[in-house]
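Below is one structure, written out as structure tokens; comments come after it.
FYI, it's all coordinate maths here, none of it is from the lab. This structure is a prediction, so every number in the text was calculated from the model and none was measured. No Cβ is skipped: glycine too gets one built from the backbone with ideal geometry, and neighbour counts run over all protein chains shown.
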Amino acid sequence: MNTDKRAADVLRWIAWTAIAIGGLLMAFTASDFRAENFPLMVSIGFLIAGMNIFIMSTVFRLLNLRKQEA
């Protein structure tokens, strides 16, 4: 396994961890849905960050495949 593929796998694990943390925080704080609810806003941030990290890992993997073909 090359280091580029391993880096993409690590990014994917980080993304799933961030999404899980965001989901757990949202499960416990979504009942009080208002802008002043800081844990809810943090959970939404974790969900958005997890999706962005997941997209970056996918792009990283695709760029690595393109580099191997060339």
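Within 12 Å, Cβ to Cβ, of Ser57, how many net charges do the neighbouring residues add up to if Lys/Arg are +1 and Asp/Glu are -1? Numbers along the way, then the final one.
Values: positive: Lys5, Arg6, Arg12, Arg61; negative: Asp4, Asp9.
Net charge in that neighbourhood comes out at +2.
Could you tell me what fraction of 2.2 N^0.38 Å the Cα radius of gyration of the chain comes to, as a two-decimal ratio?
Ratio of Rg to 2.2 N^0.38 Å for the chain: 1.43.
Apply the Karplus parameterisation 6.51 cos²θ - 1.76 cosθ + 1.60, with θ equal to phi minus 60°, to every residue of the range 7-24 and state each ³J(HN,Hα) to the nearest whole Hz, in sequence, with x for glycine and proline.
For the range 7-24, the Karplus-derived couplings read 5, 5, 5, 5, 4, 5, 5, 5, 5, 5, 5, 5, 5, 5, 4, x, x, 5 Hz, x marking Gly and Pro.
How far is it, in nm, from the label point at Phe38 to the one at Met56 when both lie 7 Å from their Cα along the line to the Cβ?
Going by the 7 Å Cα→Cβ label model, 2.5 nm.
Loop-only chymotrypsin sites (Phe, Trp or Tyr not before Pro) in the chain, please: DSSP not H, G, I, E or B, and at most 11 other Cβ atoms within 10 Å.
Values: sites: Trp13, Trp16, Phe28, Phe33, Phe46, Phe54, Phe60; in loops: Phe33.
Sites meeting the loop and neighbour criteria: Phe33.
For the chain, build the charge dipole from Cβ charges (+1 Lys, Arg; -1 Asp, Glu) around the Cα centre, then report which of Ser31, Leu63, Ile14 sits farthest towards its positive end.
Leu63
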